[in-house]
Amino acid sequence: MLEWIGLLRSLVVYWRPGRQRGLRRLYRPLIRPGDLVFDVGAHLGDRSVAFAGLGARVIAVEPQRRLLPWLRWLTGGDERVTVRAQAVGRAKGSGRLAVSRRTPSVSTLSEEWRAGVVDANSGFRSVRWDRTEEVPVTTLDDLIAEFGVPKFCKLDVEGYEAEALAGLSEPIEAVSVEFVSGGISVALACVRRLEALASYEYNAIAGEGRSFHFPEWATPDRVTEWLSAGAEGFSSGDLYARRIA
């Protein structure tokens, strides 16, 4: 029963009417027809479908076994979307995924992140990770070796974003990573890793919003300062990095 409640919740949140139109408007400046995009932490594929709707070729990566049939069904009408049943980390192998059946969108490979957000973020106080499953883990480098370098990579892997970027050895033109109050250190580690690969400028979107927070894209120092100060109290959001030519 909990799995069905969790699935229904995700369907309502991520496939509500009008969401696809908003997602395509958000990503249109970053993605052009023919681009390759990695959707890491694809969940039920709403962003994969939006990327494909902009003409991109999409690699949708999702480790949760119970979500995979729905992900394949929801994206199955578009031959531009390839689904991979894997997690992404710093090294190829396997990992223990902590699954929340009631809120599957917060399932994670990071024990440290789980402890941090429960203690510091009121939005996670009722979350229970009540099952674990062994999942295969690949790296961004391995995905690049198989499919090519993406134009854009979305990382939404619940506190494992820095581990995923640790498995990347060449710069990607544009990247987004999730940040969550109580786990800001992960986003800061992502900024450090990206800057080790190339020079980037940054912006942020609060929650499931569709507009960038900063009127002008920020320097690494500016966004690091903003994150370290608590990201203005945002409970969660996405940090976007755009490579400087």
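Can we say residue 98 is part of a loop (DSSP other than H, G, I, E, B) and more than 16 Å from the chain's Cα centre (by Cα)? Against the criterion (part of a loop (DSSP other than H, G, I, E, B) and more than 16 Å from the chain's Cα centre (by Cα)), residue 98 does not qualify.
Taking the criterion of being closer than 20 Å to residue 74 by Cα, without any contact (Cβ under 8 Å) to a residue 24 or more places away in the chain and part of a loop (DSSP other than H, G, I, E, B), the residues of the range 1-31 that qualify are 16, 17, 18. Assessment of the range 111-128 against the conditions (crowded, with 19+ Cβ neighbours inside 10 Å, in a loop (DSSP other than H, G, I, E, B) and either modelled with pLDDT under 95 or of a type outside the set (A, V, I, L, M) (or both)) yields no matching residue. The number of residues in the range 24-54 that are under 16 Å from residue 178 (Cβ atoms) and touching a Gly at 6+ places or on another chain (Cβ under 8 Å) comes to 1. Here is the figure for the range 60-71: residues that are buried (at least 24 other Cβ atoms within 10 Å of the Cβ) and of a type in the set (A, V, I, L, M) total 3. Residues in the range 64-82 include none that are touching an Asp or Glu at 6+ places or on another chain (Cβ under 6 Å), at pLDDT 95 or above and in a loop (DSSP other than H, G, I, E, B). Scanning the range 195-245 for residues that are assigned to a helix (DSSP H, G or I), of a type in the set (A, V, I, L, M, F, W, C) and surrounded by 14 or more Cβ atoms within 10 Å (Cβ to Cβ) gives 197, 223, 226, 227, 231.
With respect to residue 173, is the statement that it is more than 16 Å from residue 41 (Cβ to Cβ), in contact with a strand residue (DSSP E or B) (Cβ under 9 Å, 6 or more places away or on another chain) and without any contact (Cβ under 8 Å) to a residue 60 or more places away in the chain true? The answer is no for residue 173.
Residues that are surrounded by 14 or more Cβ atoms within 10 Å (Cβ to Cβ) and modelled with pLDDT of 95 or more were ranked within the range 130-140; the one that is nearest to residue 154 (Cα to Cα) is 140.
Of the candidates 143, 155, the single residue that is closer than 21 Å to residue 240 by Cβ, at pLDDT 95 or above and more than 15 Å from the chain's Cα centre (by Cα) is 143.
Using the structure shown, decide if residue 163 is in contact (Cβ under 8 Å) with a residue 60 or more places away in the chain, in contact with a strand residue (DSSP E or B) (Cβ under 7 Å, 6 or more places away or on another chain), of a type in the set (D, E, K, R) and farther than 22 Å from residue 221 by Cβ. It would help to see each step written out before you state the result.
On the way: in contact (Cβ under 8 Å) with a residue 60 or more places away in the chain: yes; in contact with a strand residue (DSSP E or B) (Cβ under 7 Å, 6 or more places away or on another chain): no; of a type in the set (D, E, K, R): yes; farther than 22 Å from residue 221 by Cβ: yes.
Considered against the rule, which asks whether it is in contact (Cβ under 8 Å) with a residue 60 or more places away in the chain, in contact with a strand residue (DSSP E or B) (Cβ under 7 Å, 6 or more places away or on another chain), of a type in the set (D, E, K, R) and farther than 22 Å from residue 221 by Cβ, residue 163 comes out as no.
All conditions but one from (1) surrounded by fewer than 23 Cβ atoms within 10 Å (Cβ to Cβ); (2) not in a helix (DSSP H, G or I) apply to residue 154; the one that does not is (1). The residues of the range 96-137 that are without any contact (Cβ under 8 Å) to a residue 12 or more places away in the chain and either over 23 Å from residue 207 (Cβ atoms) or not hydroxyl-bearing (Ser, Thr, Tyr) (or both), listed by number, are 115, 125.
Taking into account only those residues within the range 214-245 that are more than 21 Å from residue 199 (Cβ to Cβ) and not small (Gly, Ala, Ser), which is farthest from the chain's Cα centre (by Cα)?
232
The values are calculated or read from the model by the stated rules, or taken from the named source; none is laboratory data. Bear in mind that the values here come from a model prediction, so they are computed numbers and not experimental data. For neighbour counting, all protein chains shown are included, and Cβ atoms are generated from backbone atoms with ideal geometry for every residue, glycine included.
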